[in-house]
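Worksheet: the structure to be examined is printed underneath.
What follows is calculated from the coordinates using simple rules that are stated; it is not laboratory data. The structure presented is a predicted model; accordingly, all values stated were derived computationally and were not measured. Cβ placement follows ideal geometry from the backbone for every residue including glycine, while neighbour counts extend to all protein chains displayed.
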Amino acid sequence: MNLPKLLKEVRRQLSLSQEDLARKLGISFATVNRWESGKVRPSKLARAQLKAFYEEMVDSGALVLPVRMADNACAIIQGICKEQT
């Protein structure tokens with residue numbers, strides 16, 4: 001699994017458009033679109049926002065990813081950081 005697939009699954013489960021997710025993260029719609037298309041990777045700040053949002057949704061029970069995805073989700077988000085540094 002990769003970040004674009006993870007984002008799409010998170011949005012699908014939460015019934016969010018790219019624009020809705022962007023609003024919740026405090027970023028632009030175009031940024032979410034570029035992440036999902038794989039054109040760019042999130043900045044360090046955006047990764048932190050994305051991780052916090054993901055954890056909040058999981059902790060609240062609003063997001064329940066398949067085990068395969070859940071096991072890798074935080075690693076994917078944090079792995080982006082390691083690839084860019």
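Fully extending the segment from R23 to E55, taken as 0.36 nm per residue of separation minus the present Cα-Cα distance, adds 9.8 nm. With a cut-off of 16 Å on the backbone N, the residues of region 23-49 near the modelled label site 7 Å out from A62 along Cα-Cβ are 23-27, 49.
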